1. Looking at 159, 146 in this structure, which one is assigned to a helix (DSSP H, G or I) and either touching a residue at least 12 places away in the same chain (Cβ under 8 Å) or within 20 Å of the chain's Cα centre (by Cα) (or both)?
2. Would you check which residues across the stretch 329-367 are assigned to a strand (DSSP E or B) and crowded, with 18+ Cβ neighbours inside 10 Å and list them?
3. Are there any strands (runs of 3 or more DSSP E) wholly within the stretch 198-284 with 1 or more residues that are closer than 28 Å to residue 334 by Cα and free of Cβ contacts under 8 Å to residues at least 12 places away in the same chain, and if so which?
4. List pairs: first in the stretch 89-118 and farther than 21 Å from residue 150 by Cβ, second surrounded by 16 or more Cβ atoms within 10 Å (Cβ to Cβ) and modelled with pLDDT under 95, Cβ under 7 Å, 6+ apart or cross-chain?
5. Answer yes or no: is there a residue in the stretch 107-118 that is under 16 Å from residue 50 (Cβ atoms), exposed (fewer than 14 other Cβ atoms within 10 Å of the Cβ) and assigned by TED's automatic domain parsing to the domain that holds residue 206.
6. Being out of contact with any helix residue (DSSP H, G or I) (no Cβ under 6 Å at 6 or more places or on another chain) and part of a loop (DSSP other than H, G, I, E, B) narrows it down to one of 58, 82, 78, so name that one.
7. Inspect all residues belonging to the stretch 288-299 and state whether any of them is in a loop (DSSP other than H, G, I, E, B) and within 19 Å of residue 349 (Cβ to Cβ).
8. So, of the residues in the stretch 20-43 that are modelled with pLDDT under 95 and surrounded by 15 or more Cβ atoms within 10 Å (Cβ to Cβ), which turns out to be farthest from residue 331 (Cα to Cα)?
């Protein structure tokens, strides 16, 4: 039999749960190929905050060279849209000012993209804060992305701008990650207010609108949608669209966000994490991770591209617990062809300068390198 025909028939048989001649059963894991490359890299937080004068130190060319030298090929750039706007910051922004683009600030984002491309990084641009929504508080939104047409129109405007700016760039080099960790909240300006998944039909409507705004500039642009309910849940309502999906490597939160005040109302009362082990009222184990990621693995099997856009743990998680848990997360994802991006490169979650109190850091050109974490990341 022709090899190509055999491979095609093999894939069809596996998807249908069939057994091949000779009695060989095929699992989805053996044949399912992720439509997205198994990129691995980091989130770069240069434009993460809404205030241009309150950003962290910019990512340097030297740092991008280190990433490349270590074998990484992907950077996700979370952007707060107010960062690149011109308006009176002494008061709350108005819906009209959401369209006031500051080319000087946009050019800084362009510069990082160009620099990352110099070191053969795929760049995924992400609106971490979009008009009418952000997983975090700290900037007063004038409307609600999920319920207000004006917010949706502004959302599409911003994505059309970015798509037009990178109209001639190959999808191998750039992608457009629509919105960081979508959820429906009672109060868009209170991150601790009651939260739930975005209704599927609403998410679909907004995603299609953004997709059309992007593909109007280049029909081959790569579009990615973060999982529903804060990035955790597969979005079945988008599975028939030409949109990839992005999961998270933060489960369970008691490990990844141990004592994080923005994630827990009473962080000082959080039970001490273990991996594996009993923590509070639940037993944490690799088995629970496999169950959590099964819907994402099945999504790959259905032909939808999947990537883990964020993963890692804050610096209060004991380092040995973090590495044991994170090794299981990465092993499960990458064994199914799903790449990942650590949140972040340099900072409290990062490979460099994480300020953990239980790490023997290696001096790396004046930076504090977590060598054990780097070794783990390079393994996958």
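The values are calculated or read from the model by the stated rules, or taken from the named source; none is laboratory data. Worth saying up front: this structure is predicted, and the values here are computed from it rather than measured. Here the Cβ is made from the backbone with ideal geometry for all residues, glycine too, and neighbour counts use every protein chain on show.
1. Working: 146 fails: assigned to a helix (DSSP H, G or I).
159 is the lone residue from the list that is assigned to a helix (DSSP H, G or I) and either touching a residue at least 12 places away in the same chain (Cβ under 8 Å) or within 20 Å of the chain's Cα centre (by Cα) (or both).
2. Narrowing the stretch 329-367 to residues assigned to a strand (DSSP E or B): 340-342, 346, 352, 362-364, 367.
Residues satisfying the conditions are 340, 341, 342, 346, 352.
3. Values: elements: 222-226, 244-249, 277-279, 282-284.
In the stretch 198-284, 277-279, 282-284 are the strands (runs of 3 or more DSSP E) which contain 1 or more residues that are closer than 28 Å to residue 334 by Cα and free of Cβ contacts under 8 Å to residues at least 12 places away in the same chain.
4. The qualifying pairs are 105/52.
5. Step one: list which residues in the stretch 107-118 are under 16 Å from residue 50 (Cβ atoms), which gives 108-109.
Then drop every residue that is not exposed (fewer than 14 other Cβ atoms within 10 Å of the Cβ), which leaves none.
There is no residue in the stretch 107-118 that is under 16 Å from residue 50 (Cβ atoms), exposed (fewer than 14 other Cβ atoms within 10 Å of the Cβ) and assigned by TED's automatic domain parsing to the domain that holds residue 206.
6. Working: 82 fails: part of a loop (DSSP other than H, G, I, E, B); 78 fails: part of a loop (DSSP other than H, G, I, E, B).
After applying the criteria, what remains is 58.
7. First pass over the stretch 288-299, keeping only residues in a loop (DSSP other than H, G, I, E, B): none.
There is no residue in the stretch 288-299 that is in a loop (DSSP other than H, G, I, E, B) and within 19 Å of residue 349 (Cβ to Cβ).
8. That would be 26.
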